[in-house]
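The values are calculated or read from the model by the stated rules, or taken from the named source; none is laboratory data. On a predicted model such as this, the values are computed, not experimentally measured, just so you know. Backbone-built Cβ (ideal geometry, glycine too); neighbour counts: all protein chains shown.
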Amino acid sequence: MFKTETMMLTRRPGYSLLLTLFILCEISLPAQPIAVSDAFALTGALIYPAPGEVPIPDGVVIVNHGKIIAVGKKGEISIPRNMQTIDCTGQTVVAGFWNTHVHFMEPKWNDAAKLPAAQLTVQLQDMLTRYGFTSVVDIGSELQNTLALRRRVTTGEVKGPRILTAGMIIFPKDGLPYYVTDYLPPELVAKVRMNEAATPADAVRIVDEQLAQGADVVKVMAVSIMRPNGRLQFKPMPLPIIQAATAEAHRKGKLVFAHPTNMEGIELVLAAHVDVLAHTSEEPSKWDSTVARRLKAANVTLIPTFTLFDQDQDFDGILKEVKNYSDIGGQIMFGTDIGFLPDYPSLTKEFGYLARAGLTFSQILASLTTIPAARLGFADSTGAIRRGMDADLLVLDGDPAKDQSAFYHVALTLRQGRIIYQKSQPGSPAGTSTISPAP
């Protein structure tokens, strides 16, 4: 058990090494983007309006000023004369994806208020938008820096996804995990340590301060993994402290995410009425259907983050935990821990692991779209392809219902009708789709 944590040094380079690499690596600018007007139509694609709904072959989505104004089958939807069209024949259109477990904690995000906009756009593409993420939840980073990044995305200066953030994680007193104390720069460790809670009053104060500054959710470390003298040791957050943090967040209408680590952490989540498990438990031998039913009854949403655990000796058991929760109707949201895990392309394995755990195409699509949109309070504006909703849309090469790898073969990523990522091909600098005015 907990092999993943003991292997963290090999899975995640030290911060000084990362900083050196980012300084030395040349940043390449994105291909010249497709220019889309305020009104356009995606045509000819197979459209999945929402999980479980009947797909639309040879479909049309009409967008005007960032909103979807019509969706249906070609021939049944009237495209206004001279409207710009993007021919998506042979491709698939789905709602933009959510990644509900990310971190903007790598050195390349430092001083986000002043970094060149083009650089930030490329970094967001490399990490998120090239994989179709139009909305993300950062559940652990330096709050003011992430808020600065979000402001620049919101104004349109930087092309990127909707960003929700927890800011700094709340830790038990003297309970920073070894992968924080050992690998983060000392100045950042000092900032993180300021969010240790020794008392319920401390927890309330930290929640109030971060929400007042602009945080959207709260993240607590239910059980920390320490490594004194080279041996793993587990430090739980006292129940009254996690209860106080959760109650204060709920009083202000905010969700609480928790890192459980083990079954003791799961019990703390249940006792404190936490909303979201940021990972599943690394003790699958102690997981059973009773645990799953209790979590479901408590309306707890689970983020599997399988890729974090795929070197764990109990990985098959972790897969079974998630299948068990899915089988009883427990809510599952897609998340990858990207930004803590730095090998971005490897995280595409998450789709395959969800399928290996027994989730169907519709269930995987729901974990990426409708479930997080509803859980985070955006069901009225995103997560499905319907009239009146934001034009958060993906054009995929292939049909993910037939081949799950198509989930991450993204040709275009649109956020509120604006292209924030496009796939480029040699000899086709404008991307893979053909654009023309309607006849």
Check region 246-266 and report whether any residue there is under 24 Å from Gln123 (Cβ atoms) and crowded, with 20+ Cβ neighbours inside 10 Å.
yes
Quick check on region 359-369. Is at least one of its residues under 23 Å from Ser285 (Cα atoms) and either more than 15 Å from the chain's Cα centre (by Cα) or not charged (D, E, K, R) (or both)?
yes
Hey, among the residues in region 154-168 that are within 16 Å of the chain's Cα centre (by Cα) and among the hydrophobic types (A, V, I, L, M, F, W, C), which one's farthest from Ala258 (Cα to Cα)?
Ile163
Against the definition (over 18 Å from Ile420 (Cα atoms), modelled with pLDDT under 95 and surrounded by fewer than 22 Cβ atoms within 10 Å (Cβ to Cβ)), how does Pro57 come out, yes or no?
no
Checking the condition touching a residue at least 12 places away in the same chain (Cβ under 8 Å) and farther than 30 Å from Phe133 by Cβ, which residue from Lys191, Lys219, Lys173 passes?
Lys173
Which of the residues belonging to region 266-297 are touching a Ser or Thr at 6+ places or on another chain (Cβ under 7 Å) and not hydrophobic (A, V, I, L, M, F, W, C)?
His273, Asp275, His279, Glu282
Considering only residues that are among the polar types (S, T, N, Q) and not in a loop (DSSP other than H, G, I, E, B), look in region 244-301 and name the one that is nearest to Phe171 (Cα to Cα).
Thr246
Does Thr432 satisfy the condition of being modelled with pLDDT under 95, of a type outside the set (Asp, Glu) and not assigned by TED's automatic domain parsing to the domain that holds Leu120?
yes
Could you run through region 296-315 and say how many residues are surrounded by fewer than 20 Cβ atoms within 10 Å (Cβ to Cβ) and either basic (Lys, Arg) or touching a residue at least 24 places away in the same chain (Cβ under 8 Å) (or both)?
7
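Please determine whether any residue of region 150-159 is part of a loop (DSSP other than H, G, I, E, B), touching a Leu at 6+ places or on another chain (Cβ under 6 Å) and outside the structural domain of Thr413 (by TED's automatic domain parsing). Talk me through it step by step, then tell me what you get.
Of all residues in region 150-159, those part of a loop (DSSP other than H, G, I, E, B) come to 155-159.
Those left that are additionally touching a Leu at 6+ places or on another chain (Cβ under 6 Å): 158.
Among the residues that remain, those that are also outside the structural domain of Thr413 (by TED's automatic domain parsing) are: 158.
Yes: region 150-159 contains one or more residues that are part of a loop (DSSP other than H, G, I, E, B), touching a Leu at 6+ places or on another chain (Cβ under 6 Å) and outside the structural domain of Thr413 (by TED's automatic domain parsing).
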Selected residue (criterion: farthest from the chain's Cα centre (by Cα)) from residues of region 125-142 that are hydrophobic (A, V, I, L, M, F, W, C) and more than 16 Å from Ala411 (Cα to Cα)
Ile139
If I go through region 116-159 residue by residue, how many of them are among the polar types (S, T, N, Q) and surrounded by fewer than 20 Cβ atoms within 10 Å (Cβ to Cβ)?
6
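Residue-wise test of (1) under 18 Å from Pro51 (Cα atoms); (2) touching a Gly at 6+ places or on another chain (Cβ under 6 Å); (3) not assigned by TED's automatic domain parsing to the domain that holds Val269.
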position	(1), (2), (3)
Val291	no, no, no
Thr305	no, yes, no
Gln311	no, no, no
Ile364	yes, no, no
Ser367	yes, no, no
Thr370	yes, yes, no
Thr360: surrounded by fewer than 20 Cβ atoms within 10 Å (Cβ to Cβ), outside the structural domain of Ser424 (by TED's automatic domain parsing) and of a type in the set (Val, Ile, Thr), yes or no?
yes
Please return the ranges of strands (runs of 3 or more DSSP E) entirely within region 172-240 where 3 or more residues are loosely packed, with under 15 Cβ neighbours inside 10 Å and in contact with a Cys (Cβ under 8 Å, 6 or more places away or on another chain).
none
